[in-house]
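The values are calculated or read from the model by the stated rules, or taken from the named source; none is laboratory data. Note that the structure is predicted; figures quoted are calculated from it, not measured. Note that we place each Cβ from the backbone using ideal geometry, even for glycine, and neighbour counts take in every protein chain shown. Heavy atoms of the whole protein, side chains included, go into the accessibility calculation; ligands, DNA and RNA do not. Shrake-Rupley method; radii C 1.70, N 1.55, O 1.52, S 1.80 Å.
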Amino acid sequence: MAKILPVFLPFASCGNKCIFCDQQAISGVKAENNLISLAENQIKKWLSYDLSYDELAFYGGNFAAVNKQEREKLYRLAYDNGFKKIRFSTRPDTINNETLAEIKDYNISLVELGIQSLDNNVLEVNGRPYTNVQAEKAIDDILNITDCGVQLMAGMYKQSLYSCIDDAAHLSKKNIKTARIYPTQVLKNTALYSLYLSGEYKAADLADMILAAGGMYSHFTAENVQVIRMGLPEDAAENGQIAAGAHHKSFGDIVKTFIMLLYMDMGGKVRYSGFKKMGRKLYSKNYEIYPDIKTNDFKDICIEIRRNYLEDSKRFIKGKAASFASRLKSAANN
């Protein structure tokens, strides 16, 4: 896996603020008007810790909507600091002929698209200014030039749990390279917080998010899409900015343990170093006598999970998998 130096540009050229978003709280980086200075300071800080990065990434904001001259200065800043590879994240509605030509000209290694959902109603009520058709076209256009990654959310305002899983199932077939799965957190400096306080929005609990992310992870991994993050970074929690939502510092590990439990329930034999007690308690014969699972084994396991549990996402979130998620929720909270 490439070692990436992250440069965060909170709210840069967003044009609007999605109801769930507070990029300053998530990244721990304060927004500034001078993007070049903001990037320079972060690069200098990270390089003071370690010089052995493979690639630089511009995250946060809406990178492809940043003024073209500023984008070119940011590219040059990366190259001047010795980086030969650059990636960035942006919204689907910023992918057009100009940005596609730029992606090719500057040899951008990967573009991450903040898709969040493929449900047009969910996109609209959450302040996302594009449609599912635009999102899919942006993916296809990028894939004609370079690698593409997607970011999806679970538990958004007006979003069903099964639609999150169906989104991942659909996008996993598109030959994308990476995916991020974000359970929705209610951050205090957001419109979603007001909806939460009024009772209009009810935050999904940890069991629901384990279910959704488990299904999403299984679909992606079964199709060789690398899930590079599950859950938000810890900055927002450490700063006391999370008012509600399924947050856990080991969320990714919990989701993988959930998948292991489902696999062992089918008779699969593995050992996994996550939440060990539950696996040993429920499936000691399947769990203890086999060597530690390797990362590449997850693909075969996820194919089995998909085949046996995920043919109907509605039945998945209401069936046996739900009981495993509830038990893991209790174990994680304890």
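What full-extension length gain, to one decimal in nm, is calculated for I36 and I303 as 0.36 nm per residue of separation minus the Cα-Cα distance? Show your work: numbers first, answer last.
Numbers: separation 267, 0.36 × 267 = 96.12 nm, distance 4.44 nm.
Here the segment from I36 to I303 would lengthen by 91.7 nm.
Taking every Cα atom in the chain, find the radius of gyration and the maximum pairwise distance Dmax, and write them in Å.
Expressed in Å, the Cα Rg and Dmax of the chain come to 20.1, 62.
On a 19 Å Cα-Cα criterion, which of the cross-link pairs K249/K329; K85/K249; K84/K174 come out too long?
Values: K249/K329 13 Å; K85/K249 30 Å; K84/K174 27 Å.
In this structure, K85/K249; K84/K174 exceed 19 Å between Cα atoms.
Place +1 on the Cβ of every Lys and Arg and -1 on the Cβ of every Asp and Glu in the chain, take the dipole about the Cα centre, and give the residue among Y217, V186, M260 whose Cα lies farthest towards its positive end.
M260
For segment 120-208, state what percent of all Cα-Cα pairs lands in each successive 10 Å bin, counting from 0 Å until the bin that includes the largest distance.
Once binned at 10 Å, the Cα pair distances of segment 120-208 give 15, 45, 29, 11, 1.
Using amide H atoms built in the peptide plane, which far-off residues or other-chain residues are under 5 Å from K188 H to H?
A243
Name the most mobile residue of T257, T146, T178, meaning the one with the largest mean-square fluctuation, in a Gaussian network model of the chain with Cα contacts below 10 Å.
Result for the chain, Cα springs under 10 Å: T146 fluctuates most.
Report the normalised scattering of segment 31-145 as log10 I(q)/I(0) at q = 0.09, 0.11 Å⁻¹, calculated by the Debye formula with identical scatterers on the alpha carbons.
The calculated log intensity ratios at q = 0.09, 0.11 Å⁻¹ are -0.27, -0.40.
Who wins for biggest fluctuation among G319, G252, G231 in a Gaussian network model of the chain, springs between alpha carbons below 10 Å?
Comparing G319, G252, G231 in the GNM, the peak value goes to G319.
Can you give the % of DSSP beta bridges in the chain that are antiparallel, to the nearest 5?
Details: 3 of 32 bridges.
DSSP beta bridges in the chain are roughly 10 percent antiparallel.
Which residue, chosen from I145, C21, A332, occupies the Cα position most advanced towards the positive end of the dipole of the chain, where the dipole is computed from +1 (Lys, Arg) and -1 (Asp, Glu) charges on Cβ about the Cα centre?
A332
Within straight cross-link reach of K137, meaning Cα distance under 12 Å, which aspartates and glutamates are found once same-chain residues fewer than 8 apart are removed?
D93
For K158, give me every one of the aspartates and glutamates with a C-alpha distance below 12 angstrom, ignoring sequence neighbours fewer than eight places off in its own chain.
Straight-distance partners of K158: D119, E124, E200.
So which residue, out of S117, S27, S37, gets the largest mean-square fluctuation from a GNM of the chain using Cα contacts under 10 Å as springs?
Between S117, S27, S37, it is S37 that shows the largest mean-square fluctuation.
Karplus couplings for segment 106-123 from phi (6.51 cos²θ - 1.76 cosθ + 1.60, θ = phi - 60°), rounded to Hz, Gly and Pro as x?
Computed from phi, the couplings for segment 106-123 are 9, 6, 5, 7, 7, 10, 9, 9, x, 7, 6, 7, 10, 8, 4, 5, 4, 4 Hz.
For the chain, what is the charge dipole size about the Cα centre, in debye to the nearest 20, if Lys and Arg each add +1 at the Cβ and Asp and Glu each add -1 at the Cβ?
On the way: 43 positive and 38 negative charges, 220 e Å.
Its charge dipole is roughly 1060 debye.
Counting only protein chains, not ligands or nucleic acids, how are K269, K299 ordered by accessible area (probe 1.4 Å), most first? Could the numbers behind the result be given before it?
Numbers: K269 100, K299 65 Å².
Correct descending sequence by accessible area is K269, K299.
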